[in-house]
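Working notes for the structure below.
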Amino acid sequence: MAKQPAEQIVEASAEALTKGGEAAEKIVKGNAEALTESGNATRAAVQELTKAYQELAAKNAKNLTAAMQSLAAVKSPAEFMELQQRLIKEGVQAAVSDSQHIAQLTTAVFTAAFEPVKKQIEAMQKTTET
(Lines give C-alpha, C1' and ligand atoms only; values in the text may rest on other atoms or scores of the structure.)
Protein backbone atom coordinates (compact mmCIF):
# COMPACT_ATOMS: atom_id res chain seq x y z
CA MET A 1 0.00 0.00 0.00
CA ALA A 2 1.36 3.43 -0.94
CA LYS A 3 2.11 5.90 1.77
CA GLN A 4 0.05 8.99 1.96
CA PRO A 5 1.83 12.30 1.28
CA ALA A 6 1.34 13.31 4.91
CA GLU A 7 3.06 10.12 6.11
CA GLN A 8 5.95 10.73 3.72
CA ILE A 9 6.36 14.29 5.01
CA VAL A 10 6.34 13.08 8.63
CA GLU A 11 8.95 10.39 7.89
CA ALA A 12 11.15 12.81 5.96
CA SER A 13 10.89 15.37 8.75
CA ALA A 14 11.76 12.77 11.40
CA GLU A 15 14.75 11.61 9.36
CA ALA A 16 15.93 15.20 8.87
CA LEU A 17 15.59 15.90 12.60
CA THR A 18 17.56 12.77 13.45
CA LYS A 19 20.38 13.69 11.06
CA GLY A 20 20.33 17.29 12.29
CA GLY A 21 20.49 16.13 15.90
CA GLU A 22 23.43 13.83 15.14
CA ALA A 23 25.23 16.67 13.36
CA ALA A 24 24.57 19.04 16.26
CA GLU A 25 25.79 16.42 18.74
CA LYS A 26 28.98 15.96 16.70
CA ILE A 27 29.57 19.72 16.63
CA VAL A 28 28.98 20.09 20.37
CA LYS A 29 31.32 17.18 21.10
CA GLY A 30 33.98 18.67 18.81
CA ASN A 31 33.61 22.06 20.46
CA ALA A 32 33.94 20.56 23.93
CA GLU A 33 37.04 18.62 22.91
CA ALA A 34 38.59 21.72 21.33
CA LEU A 35 37.92 23.79 24.44
CA THR A 36 39.38 21.10 26.69
CA GLU A 37 42.47 20.83 24.51
CA SER A 38 42.77 24.61 24.42
CA GLY A 39 42.45 24.81 28.19
CA ASN A 40 45.16 22.20 28.69
CA ALA A 41 47.47 23.96 26.24
CA THR A 42 46.80 27.30 27.92
CA ARG A 43 47.57 25.88 31.35
CA ALA A 44 50.86 24.38 30.19
CA ALA A 45 51.82 27.52 28.29
CA VAL A 46 51.06 29.82 31.22
CA GLN A 47 53.19 27.61 33.45
CA GLU A 48 56.04 27.90 30.94
CA LEU A 49 55.61 31.67 30.75
CA THR A 50 55.53 31.93 34.56
CA LYS A 51 58.72 29.89 34.77
CA ALA A 52 60.39 32.21 32.24
CA TYR A 53 59.41 35.27 34.29
CA GLN A 54 60.71 33.64 37.48
CA GLU A 55 64.02 32.80 35.81
CA LEU A 56 64.26 36.35 34.48
CA ALA A 57 63.61 37.81 37.93
CA ALA A 58 66.26 35.55 39.50
CA LYS A 59 68.77 36.47 36.78
CA ASN A 60 68.07 40.18 37.24
CA ALA A 61 68.46 39.94 41.01
CA LYS A 62 71.78 38.13 40.58
CA ASN A 63 72.97 40.73 38.04
CA LEU A 64 71.94 43.59 40.33
CA THR A 65 73.85 42.07 43.25
CA ALA A 66 76.94 41.62 41.10
CA ALA A 67 76.67 45.19 39.78
CA MET A 68 76.36 46.62 43.30
CA GLN A 69 79.39 44.64 44.45
CA SER A 70 81.38 45.85 41.44
CA LEU A 71 80.40 49.46 42.06
CA ALA A 72 81.31 49.14 45.73
CA ALA A 73 84.80 47.91 44.80
CA VAL A 74 85.57 50.91 42.56
CA LYS A 75 88.67 52.89 43.57
CA SER A 76 88.40 56.03 41.40
CA PRO A 77 85.76 58.28 39.85
CA ALA A 78 87.00 57.42 36.35
CA GLU A 79 86.70 53.71 37.08
CA PHE A 80 83.22 54.33 38.52
CA MET A 81 82.08 56.14 35.36
CA GLU A 82 83.52 53.45 33.08
CA LEU A 83 81.89 50.66 35.09
CA GLN A 84 78.58 52.50 35.26
CA GLN A 85 78.51 52.99 31.48
CA ARG A 86 79.36 49.33 30.89
CA LEU A 87 76.64 48.18 33.31
CA ILE A 88 74.07 50.44 31.66
CA LYS A 89 75.00 49.16 28.19
CA GLU A 90 74.84 45.52 29.32
CA GLY A 91 71.55 46.18 31.12
CA VAL A 92 69.93 47.67 28.04
CA GLN A 93 71.16 44.82 25.83
CA ALA A 94 69.86 42.26 28.34
CA ALA A 95 66.51 44.04 28.60
CA VAL A 96 66.07 44.02 24.80
CA SER A 97 67.04 40.35 24.56
CA ASP A 98 64.81 39.36 27.48
CA SER A 99 61.88 41.32 26.04
CA GLN A 100 62.26 39.58 22.68
CA HIS A 101 62.38 36.18 24.39
CA ILE A 102 59.26 36.92 26.47
CA ALA A 103 57.43 38.24 23.38
CA GLN A 104 58.27 35.07 21.41
CA LEU A 105 57.18 32.90 24.31
CA THR A 106 53.94 34.86 24.73
CA THR A 107 53.18 34.49 21.02
CA ALA A 108 53.81 30.75 21.28
CA VAL A 109 51.53 30.57 24.33
CA PHE A 110 48.59 32.20 22.56
CA THR A 111 49.18 30.22 19.37
CA ALA A 112 49.16 26.94 21.30
CA ALA A 113 46.09 27.97 23.28
CA PHE A 114 43.98 28.96 20.29
CA GLU A 115 45.12 26.34 17.77
CA PRO A 116 42.55 23.67 18.84
CA VAL A 117 39.70 26.19 18.65
CA LYS A 118 40.91 27.40 15.24
CA LYS A 119 41.00 23.82 13.95
CA GLN A 120 37.48 23.19 15.24
CA ILE A 121 36.16 26.32 13.56
CA GLU A 122 37.81 25.30 10.28
CA ALA A 123 36.32 21.81 10.57
CA MET A 124 32.86 23.27 11.19
CA GLN A 125 33.26 25.58 8.19
CA LYS A 126 34.17 22.61 5.98
CA THR A 127 31.15 20.71 7.28
CA THR A 128 28.78 23.56 6.50
CA GLU A 129 30.26 24.00 3.01
CA THR A 130 29.45 20.41 2.03
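The values are calculated or read from the model by the stated rules, or taken from the named source; none is laboratory data. None of these values were measured; they are calculated from a predicted model. Quick reminder, even Gly has a Cβ in these numbers, built from the backbone with ideal geometry, and neighbours come from all protein chains shown. The accessibility values were calculated without ligands, DNA or RNA, using every heavy atom of the protein model including side chains. Shrake-Rupley method; radii C 1.70, N 1.55, O 1.52, S 1.80 Å.
Multiplying the residue separation of Lys29 and Asp98 by 0.36 nm and removing their Cα-Cα distance gives an extension gain of 20.8 nm.
A simple spin-label model places pseudo-atoms 7 Å from Cα toward Cβ; at Thr42 and Lys75 they are separated by 5.9 nm.
Thr127 exposes around 80 Å² of accessible area when a 1.4 Å probe is run over every protein chain in place.
When Lys and Arg each count +1 and Asp and Glu each count -1, what net charge do the other residues less than 15 Å away from Gln54, Cβ to Cβ, add up to? It would help to have the intermediate numbers written out before the result.
Working: positive: Lys51, Lys59, Lys62; negative: Glu48, Glu55, Asp98.
Summing Lys and Arg as +1 and Asp and Glu as -1 gives 0.
Taking other residues whose beta carbon is less than 14 angstrom from the beta carbon of Ala44, and scoring Lys, Arg as +1 and Asp, Glu as -1, yields -1. Each other residue within a Cβ distance under 13 Å of Lys29 adds +1 if Lys or Arg and -1 if Asp or Glu, for a net charge of -3.
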